[in-house]
Amino acid sequence: MDKHEGFMKALKCRECGKEYPLSATHVCEFDFGPLEVAYDYDRIRQSLTRAAIEARPRTMWRYRELLPIAGQPTVGTQVGYTPLVKADRLAKRLGIRELWVKNDAVNYPTLSFKDRVVSVALSRSQELGFKTVACASTGNLANSVAANAASAGLKSYVFIPSDLELGKVVNSLVYGANVIGIKGHYDEVNRLCAEIAGKFGWAFVNVNMRPYYAEGSKSMGFEICEQLGWRTPQHTVVPMASGSLLTKIHKSYQEFAKLGLVSEGKWHIHGAQATGCNPISAAEKAGLDFFKPVKPNTIAKSLAIGTPADGFYALKVMKETAGHAEDVTDDEVREGIRLLAECEGIFAETAGGVTVGVAKKLIASGKIPATDSAVLCITGNGLKTLEAMTGHVGQTREIRPSLREFEAMLKDEEKVAVTA
Ligand SMILES: *Cc1c(COP(=O)(O)O)cnc(C)c1O
Ligand SMILES: [Zn+2]
């Protein structure tokens with residue numbers, strides 16, 4: 001490839017290895033295998049050192065050599081470098097020696113990990129000359145495409161299932177995006193978008209731009225390693241929708257190890273799903289290396305993909321790293337959200353409840369040993385899925401603005417506490 005493509009060499013088929021130009025395309029013509037970005041690691045090794053990274057601004061773009069754009073980022077330049085929180089109180093509740101929370105619930109600008117993939121996809125779309133961007137989304141992706149397209153002056157079309165949470169819908173409409181609600185599941189939205197992408201000359205971030213888009217997820221793993229003091233965590237628990245984020249966290253650890261940025265250590269990648277949409281975790285628990293598609297029915301709508309595009313590769317990563325998958329019911333999702341909020345002061349969306357609930361199960365079963373250390377990937381913000389918790393979080397006590405009434409209320413509650 002020519003020197004103008006930064007540190008990228010080509011797009012490469014994951015199945016047969018055939019190389020393709022770095023254009024807006026995502027499947028191999030011969031075997032329909034997914035295309036992935038191939039890099040020139042020898043050149044990357046010369047410029048990407050710990051010292052170089054540490055001297056750069058605290059955004060995901062400090063790892064720019066390992067992200068698939070040719071020049072400088074033009075969209076989402078402030079995204080990433082979210083907090084890695086040492087979660088001692090939650091560790092105690094879950095019964096593990098050491099626990100960390102990677103908090104993408106406060107990612108910039110739309111409060112989910114999707115800002116990472118979108119900043120890469122839209123920066124690359126600009127390089128390839130697109131004026132209209134689009135996506136098939138379970139909610140967070142639509143929010144991020146809408147916001148980042150607005151700030152870049154790009155026209156956007158976002159396609160979502162029509163029954164999404166109000167917070168996710170308003171959060172797309174407010175930026176002036178064209179929001180199309182499809183009466184059907186995400187998998188039907190995705191199928192329609194594949195047809196539209198073939199017909200219109202748009203950059204569909206998770207269809208024809210998918211090879212670039214997906215690489216953005218690696219930045220979450222790079223940050224985890226750096227924030228842990230340049231080491232890979234023993235255990236990482238990752239929520240799975242298409243399974244892409246899980247495979248890219250693994251790839252990020254592999255790349256940092258290959259480049260000598262972290263010492264060689266063993267890591268285990270675990271996958272989390274909701275029981276109401278568990279094609280990948282059901283397959284892992286049954287010891288299968290392929291999944292059966294399901295019809296989603298869960299409050300964790302951001303993870304409700306019944307036919308996960310990267311499910312096969314996610315299963316492979318869990319097998320290779322001796323990781324496990326687990327799934328949790330809607331009640332366990334709510335309990336996970338409450339645990340994280342009450343122990344750490346972090347309000348995650350339903351996907352976060354899935355991750356915490358699954359971590360709890362994996363620790364209880366010994367699949368994550370209590371003597372080890374783990375990182376939980378919290379990927380979205382609870383303010384976007386308020387209806388999941390409404391009616392499940394206690395109640396406001398209403399009084400008139402009077403000191404006497406307040407004191408009476410406390411006294412009443414004391415009485416109740418004593419008799420209870
Ligand atoms: C999209 C999303 C994920 C994971 O998506 P993958 O398709 O598996 O990469 C996880 N959490 C939230 C909140 C998401 O929006
Ligand atoms: Zn191929």
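The set of residues in the range 181-199 that are free of Cβ contacts under 8 Å to residues at least 24 places away in the same chain and closer than 14 Å to Lys301 by Cα contains only Gly184.
When the range 90-122 is filtered for residues that are more than 21 Å from Ile249 (Cβ to Cβ) and either open to solvent by less than 10 Å² (accessible area, probe 1.4 Å) or modelled with pLDDT under 95 (or both), only Leu122 remains. One residue stands out among those in the range 1-36 that are more than 13 Å from ligand 2 (Cβ to nearest atom) and open to solvent by less than 40 Å² (accessible area, probe 1.4 Å): the one that is modelled with the lowest pLDDT, which is Glu5. Within the range 75-89, at least one residue is hydrophobic (A, V, I, L, M, F, W, C), under 30 Å from Leu128 (Cβ atoms) and either in the same structural domain as Phe222 (by TED's automatic domain parsing) or open to solvent by less than 60 Å² (accessible area, probe 1.4 Å) (or both). For the range 57-64, the criterion of being within 18 Å of Glu255 (Cβ to Cβ), out of contact with any Lys or Arg (no Cβ under 6 Å at 6 or more places or on another chain) and surrounded by fewer than 13 Cβ atoms within 10 Å (Cβ to Cβ) is satisfied by no residue at all. Could you tell me whether the range 249-261 includes any residue that is open to solvent by less than 30 Å² (accessible area, probe 1.4 Å), modelled with pLDDT of 95 or more and assigned to a loop (DSSP other than H, G, I, E, B)? The answer is yes, given that some residue of the range 249-261 is open to solvent by less than 30 Å² (accessible area, probe 1.4 Å), modelled with pLDDT of 95 or more and assigned to a loop (DSSP other than H, G, I, E, B). Listed by position, the helices (runs of 4 or more DSSP H) enclosed by the range 303-420 that each have at least 2 residues that are in the same structural domain as Ile224 (by TED's automatic domain parsing) and crowded, with 24+ Cβ neighbours inside 10 Å are 311-320, 330-344, 350-364. Are any of the residues in the range 127-146 open to solvent by 10 Å² or more (accessible area, probe 1.4 Å), part of a helix (DSSP H, G or I), farther than 30 Å from Ile368 by Cβ and free of Cβ contacts under 8 Å to residues at least 60 places away in the same chain? Checked the range 127-146: at least one residue is open to solvent by 10 Å² or more (accessible area, probe 1.4 Å), part of a helix (DSSP H, G or I), farther than 30 Å from Ile368 by Cβ and free of Cβ contacts under 8 Å to residues at least 60 places away in the same chain. Residues in the range 161-168: is at least one within 20 Å of Gly198 (Cα to Cα) and free of Cβ contacts under 8 Å to residues at least 60 places away in the same chain? Scanning the range 161-168, I find no residue that is within 20 Å of Gly198 (Cα to Cα) and free of Cβ contacts under 8 Å to residues at least 60 places away in the same chain, so the answer is no. Restricting attention to the range 147-166, the residues being under 18 Å from the mean Cα position of the chain (by Cα) and either more than 14 Å from ligand 1 (Cβ to nearest atom) or part of a helix (DSSP H, G or I) (or both) number 2. Being in a helix (DSSP H, G or I), under 22 Å from the mean Cα position of the chain (by Cα) and surrounded by fewer than 24 Cβ atoms within 10 Å (Cβ to Cβ) is a property that holds for Glu226.
The values are calculated or read from the model by the stated rules, or taken from the named source; none is laboratory data. Keep in mind that what you see is a predicted model, and the values were worked out from it rather than measured. When we count neighbours, we look across all protein chains shown, and the Cβ atoms used for this are built from the backbone with ideal geometry, even at glycine. Calculation scope for accessible area: heavy atoms of the full protein, side chains included, ligands and nucleic acids excluded. Shrake-Rupley method; radii C 1.70, N 1.55, O 1.52, S 1.80 Å.
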